[in-house]
Amino acid sequence: MSEREHVQPSVQPVRDKWQMVIGDDHRGASSGEWIDVVDPGLGEPFAQVPQASDRDVDDAVRAARASFDDLRWRGWSADRRSQVLWRIAELIEQNAAELAELETRNQGMPLAFAKAHVFPGIARTFRYYAGAVERIEGRAVELRSPGTRGFHAYTRREPVGVAGVIVPWNGPLLSLSWKLAPALAAGCSTVVKPAEETPLTAIRLAEICLEAGVPPGVVNVVTGVGHVTGAAIAAHLDVDKVSFTGSTEVGRSLLQAAQGNLKKLTLELGGKSPVVVFEDADLSSAIPGAAAAIFSNAGQICTAGSRLLVHESVIDEVVEGLARAADAVRLGYRTDEQAQIGPLISHRQRERVSGYVEQGIRDGAEVVTGGTAPAREGFFYRPTVVKGVDPTMSLVREEIFGPVVAVMPFADESQAVAMANDTDYGLAGSVWTADIDRAHRVAAQIRAGRIGVNVHASPDVAMPTGGFKQSGWGRELGPDGLDPYLETKSVYVAVDA
Ligand code: NAD
């Protein structure tokens with residue numbers, strides 16, 4: 001494995017102390033508390049953000065509510081809102097260098113990866129929902145009940161209200177765009193809470209929204225730790241909806257927190273996605289495909305292919321090829337142009353990942369390659385392939401959220417499907433085979449929200465994404481991604497005949 005020994009300095013200065021965006025105010029926390037923002041490639045703090053309290057969250061919700069009630073955004077014509085969303089996309093592109101610099105310094109992913117695979121999707125999401133604004137419409141309905149002849153009846157689609165938007169650290173700006181773009185398209189006002197590890201681009205995006213013409217109060221950003229700031233949003237009685245991406249554990253806690261005013265919830269949670277390789281698969285694409293499925297973004301992708309199920313007749317060849325692919329992955333600091341993956345997000349996350357591998361070894365699993373952290377600064381962890389696992393091990397059952405794949409053999413198609421579905425999760429999966437009938441059959445039988453055939457697919461903005469089972473509620477992206485931000489109202493008009 002090749003790794004950079006020396007780290008280049010940041011190419012742009014960053015502001016040391018960042019402020020939250022609440023209404024038209026840029027401010028710190030009322031308590032005066034700050035939290036450190038760490039560069040995971042160096043393991044050192046480089047900025048600070050306010051630690052928002054309940055009181056700050058309340059201010060942000062009030063600002064959002066005021067902007068919702070006085071129609072300053074939702075009252076605009078579809079055309080005008082659409083133009084502003086389009087403008088946000090343009091400003092994201094114009095500021096792409098700065099945003100990519102911030103995002104990668106904060107999250108650790110290589111700049112080249114961010115520019116090629118992450119940033120284009122962010123602007124595209126705002127453009128997609130700029131178009132979707134134009135298609136928010138109700139229906140005229142013929143009533144069926146006796147005595148309603150002559151009524152004029154129709155439905156309206158209206159914004160759900162103030163939306164709390166809580167996002168994780170693994171793809172901070174991308175996951176925020178999947179929520180903020182449809183929320184704004186629908187006419188909602190928002191209170192955004194980025195992950196405490198990666199708050200900076202959310203603040204910059206709020207500034208960009210203001211610059212693009214979103215009225216103050218419609219996009220507010222509060223920063224702070226989840227159990228304080230996030231929990232305050234989840235429990236706030238004047239927040240109508242929460243859209244959350246994060247762990248299944250926190251998702252479950254939001255169900256409790258949302259009880260007070262029966263908030264609507266969209267939950268994009270964890271995964272333990274299967275990659276199923278049949279004996280007739282083209283291994284020259286299946287092996288690199290399986291490697292990319294788990295090692296991209298250092299495995300910190302909710303749809304990562306962390307369980308590799310391989311037909312027993314080709315498993316040795318696949319394990320060998322995958323181990324070679326793992327060893328060839330270049331880890332590096334974000335400014336290393338050859339780097340394919342960066343560090344894990346934090347020391348804690350690396351401890352978590354290595355803890356799973358060590359537990360697997362104690363349970364009898366065999367590490368084929370990886371399983372250690374390289375000797376360098378930052379929170380790097382080597383791409384890791386584990387075999388000899390059984391389906392009861394925590395390594396196989398729980399989401400690790402790191403570059404660790406567990407490989408298991410199967411004997412036939414029905415066993416492959418049963419193993420693929422032997423999980424509490426249901427976010428994604430992929431099937432690798434040359435048999436088109438089998439591809440469709442297995443794709444239909446795996447209980448997950450996204451299936452790739454001969455590809456472990458990344459999401460496209462036009463296709464819905466989300467989870468079956470304990471991977472979540474609702475869908476993001478595509479036309480379905482707008483629905484959670486809209487209510488349907490039925491209007492009956494008695495017309496004198
Ligand atoms: P996390 O659940 O700990 O945190 C996610 C967000 O929730 C953060 O902003 C955090 O501050 C906030 N939060 C934490 N506790 C909270 C509470 N009690 N109330 C309200 N908010 C709270 O998740 P994480 O470890 O930061 O992120 C990784 C997880 O996200 C993984 O499990 C991964 O699968 C999941 N994820 C899912 C998807 C998807 O689309 N399904 C996408 C990306 C990540």
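The values are calculated or read from the model by the stated rules, or taken from the named source; none is laboratory data. This one's a predicted model, so the numbers in the text were calculated from it and none came from an experiment. Counting neighbours? That spans all protein chains shown, and the Cβs are built from the backbone with ideal geometry, glycine included. Note: areas computed on protein heavy atoms with side chains; ligands, DNA, RNA excluded. Shrake-Rupley method; radii C 1.70, N 1.55, O 1.52, S 1.80 Å.
Determine the share of the range 20-60's accessible area contributed by carbon and sulfur atoms, expressed in whole percent, with a 1.4 angstrom probe.
40 percent
With the Cα gyration tensor of the range 274-460 in hand, give its eigenvalues times 5 under a square root as the equivalent ellipsoid semi-axes, listed largest first in whole angstrom.
Output for the range 274-460: semi-axes of 26, 17, 15 Å.
Averaging the inverse of every distinct alpha carbon separation and then flipping it gives the Kirkwood radius. What is it for the range 436-487, in angstrom units?
12.2 Å
In deg cm²/dmol, rounded to 500, what helix-only [θ] at 222 nm does the chain give when every DSSP H run of at least 4 residues adds -39500 (n - 2.57) and the total is split over its residues?
That calculation yields -10500 deg cm²/dmol at 222 nm.
Which ³J(HN,Hα) values in Hz, rounded to whole numbers, follow from the phi angles of the range 36-42 under the Karplus curve 6.51 cos²θ - 1.76 cosθ + 1.60, where θ = phi - 60° and Gly and Pro get x?
3J(HN,Hα) across the range 36-42, in whole Hz: 7, 10, 10, 7, x, x, 10.
Over all directions, the average projected area of the alpha-carbon convex hull for the chain comes to how many nm²?
Computing the convex hull of the Cα atoms and averaging its projections yields 25.2 nm².
What pairs in Lys272/Lys469; Lys179/Lys241; Lys264/Lys489; Lys193/Lys241; Lys193/Lys469; Lys241/Lys469 have C-alpha atoms more than 18 Å from each other?
Beyond 18 Å between Cα atoms: Lys193/Lys469; Lys241/Lys469.
With both partners inside the range 274-460, how many of the DSSP beta bridges are antiparallel, as a percent to the nearest 5?
In the range 274-460, approximately 15 percent of DSSP beta bridges are antiparallel ones.
Run the accessible area of the range 191-330 with a 1.4 Å probe and give the carbon-and-sulfur part as a rounded percent.
56 percent
Near the amide H of Val225, under 5 Å away, which other amide H atoms are found, from residues 5 or more places off or on another chain, if H is placed in the peptide plane?
Result for Val225 returns Ala52.
Looking only at the range 468-495, which residues have a backbone nitrogen under 15 Å from a spot 7 Å from the Cα of Val141 in the C-beta direction?
487-494
So how far, in whole Å, is the C-alpha centre of the range 354-371 from the one of the range 59-111?
Measuring centre to centre over Cα atoms gives 43 Å.
Mind putting a number on the dipole of the chain about its Cα centre? Charges go on the C-beta only, +1 for Lys and Arg and -1 for Asp and Glu, and I need it in Debye to the nearest 20.
Here the size comes out at about 1300 debye.
With a 1.4 Å probe and all protein chains left in place, how much accessible area per residue does the chain have, in Å²?
For the chain, the per-residue accessible area is 40 Å².
Once both axes come from the Cα atoms, what is the angle between helix 248-257 and the longest principal axis of the chain, in degrees from 0 to 90, rounded to 10?
Value to nearest ten degrees: 30.
Any idea what the dipole of the range 274-460 comes to, in debye rounded to 20, about its Cα centre with Lys/Arg Cβ at +1 and Asp/Glu Cβ at -1?
740 debye
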